[in-house]
Amino acid sequence: NYFFVFFLAIVLMTILRFDPWSLLLSVSSLLVSFSFALGPSISTFVGGVLLIADRRPYDIGDRIVINSPTSDDAFQPGITWFVEDVNLSYTTLRFAATNEVATITNGSLAQLRIHNGNRDQNALVTVPLFFQVTTTHEEVMQFYHTVEVFINENDQAWKRIKFFRTESLNTTLGYIEYRLRVEHVHSHQATPKIMIHKGELMRFCLHEMLKRDIHAITSHSPIDLYIEKGQGIQDLEPDLTMDGPKKKVSSLPKDAVFKQYH
């Protein structure tokens, strides 16, 4: 039917001595221009519609974290959003930390990586622990068994210990770093409860380590101060006070550079 109407229109224009081909050329050029102009916008809109209708990465009330698709960041409790409203065009979010409300087009969200805390399984909490380098294996295992008892007694918050392992060793600063990873009973949707329970676990671990005198209090990273172009620090004069002699730096060159080695 459409082809017949199109052919009939061409015949009528020819009978009336109009040039149909020049008109078709103008219309086709106009259509091509519109396709280039509106193509990206239409593609973004269709991507947003597919995000909501097909992928459906969140529902109203879910706690989500939005990251770049190339980012290695995991679920970060400090930058979570609550889904307030969803339609085919945009999504309304509320920032959990400040209650600020933001509206984002679904097409923009379709290009990002969305972590949904409500659809996670039990959250995993990692606690870094620093033991003195002189701590024996027996002392570490005694501490571990004490933490294990604490986890079992607080089964309303924790399920089990996933691992307890050595992470790094630094003889210069005098510590051995262990990582304790524990599985929580809730998903990341309950982030406030998880953070409270994590704080309680960290305080318990610190208390036990201090009681056993195995906690390593690490000093600051070494600082290297040097002056470019071979210049030295100017005007180092003793400052004799009641507290004793002190060294005072009265001036530094403008091109002094401070470097910190980690």
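The values are calculated or read from the model by the stated rules, or taken from the named source; none is laboratory data. Predicted model, so just to flag it, every value in this text is computed and none were measured. In this analysis, Cβ positions are derived from the backbone assuming ideal geometry, glycine residues included, and neighbour counts consider all displayed protein chains. Surface areas here come from the heavy atoms of the whole protein model, side chains and all, with no ligands, DNA or RNA. Shrake-Rupley method; radii C 1.70, N 1.55, O 1.52, S 1.80 Å.
Some observations on this one:
- Rel. contact order, % - alpha carbon contacts under 8 angstrom, at least six apart, segment 57-114: 33
- Backbone geometry of segment 87-102 corresponds, through the Karplus equation with coefficients 6.51, -1.76 and 1.60 at θ = phi - 60°, to 3J(HN,Hα) couplings of 9, 6, 9, 8, 10, 9, 10, 10, 6, 5, 6, 10, 6, 5, 10, 10 Hz, x marking Gly and Pro.
- Accessible surface, 1.4 Å probe, highest first, among residues 210, 93: 210, 93
- Protein heavy-atom accessible surface, 1.4 Å probe, per residue over segment 54-154: 55 Å².
- Exposure of residue 181 as accessible area (Å², to 10), given a probe of 1.4 Å and all protein chains: 80
- Formal net charge of residues neighbouring residue 163 (Cβ-Cβ distance under 9 Å; K, R +1; D, E -1): +4
- Distance between the pseudo-spin-label points of residue 99 and residue 132 (7 Å out from Cα toward the beta carbon): 4.9 nm.
- Area of residue 153 that stays accessible when all protein chains are in place (1.4 Å probe, Å², to 10): 130
- Rough spin-label spacing in nm, given labels placed 7 Å along Cα→Cβ, for residue 213 and residue 167: 2.7
- Rough spin-label spacing in nm, given labels placed 7 Å along Cα→Cβ, for residue 14 and residue 204: 9.0
- Here the accessible area is traced with a 1.4 Å probe on the protein chains. For segment 29-183, carbon and sulfur cover 53 percent of it.
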